[in-house]
Amino acid sequence: MRVLASGVFDLIHYGHIRFLEEARRLGEPNPWLTVIVASDETVKRMKGRSPIMPEDQRRALVEALKVVDEVFIGERILDMDRIILLTRPDIIAVGHDQNDIEEQARYLISGKGYKIKVIRIGKFGSEALNSSSKIRKRIVEGSEKRS
């Protein structure tokens, strides 16, 4: 089964790895995991800041993970219908913080009559370091203590 997952993947951490592993597992017994990495422009619009790593490097890192079969950089404007037509997923895996993507996917699937499941995957990792933002903050705090 074909599974579609997406994210920013800036400062890849344990939560990202577990999310992608769980997404792939949804497609068993013969999974194919496609990942959409958010474009730099999308990250700026969504988070109000540029990612630390540029989109081509984030894509290369995700592509290097053994659980991932193919990776695309997302469009500047999210076009869920275009993504579905391009990747033809049986399942769309959404992360614990991807409410907008889940809502858009469910709306489109219901409106177009697509036979696609949307499955939410929970959080992974300790609360202290379960997001790129928290890791970035920890790095900044650590460098300030050394000054």
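Bear in mind these aren't lab numbers, they're just calculated from the coordinates by the rules spelled out. As the structure is a computational prediction, the values presented were derived from the model and not from experiment. Cβ coordinates were reconstructed from backbone atoms using ideal geometry, including for glycine residues, and neighbour counts include every protein chain displayed.
Points worth noting:
- Kirkwood Rh (inverse of mean 1/r, distinct Cα pairs), segment 40-82, angstrom: 11.5 Å
- Measuring gaps between exposed loop sites in the chain (trypsin sites (Lys or Arg not before Pro); DSSP loop; at most 14 other Cβ atoms within 10 Å), the longest gap, sites not included, is 1-48.
- Structural descriptor for the chain: relative contact order 28 percent, calculated from alpha carbon pairs under 8 angstrom and at least 6 residues apart.
- Residue-count net charge about Q57 - beta-carbon cut-off 15 Å; Lys, Arg +1, Asp, Glu -1: -3
- Normalising by residue count, segment 2-146 has a Cα convex hull of 109 Å³ per residue.
- Footprinting exposure proxy for H96, H16 (fewest neighbouring C-beta atoms within 10 Å first): H96, H16
- Positive minus negative residues near I121 (Lys, Arg vs Asp, Glu; Cβ under 13 Å): +2
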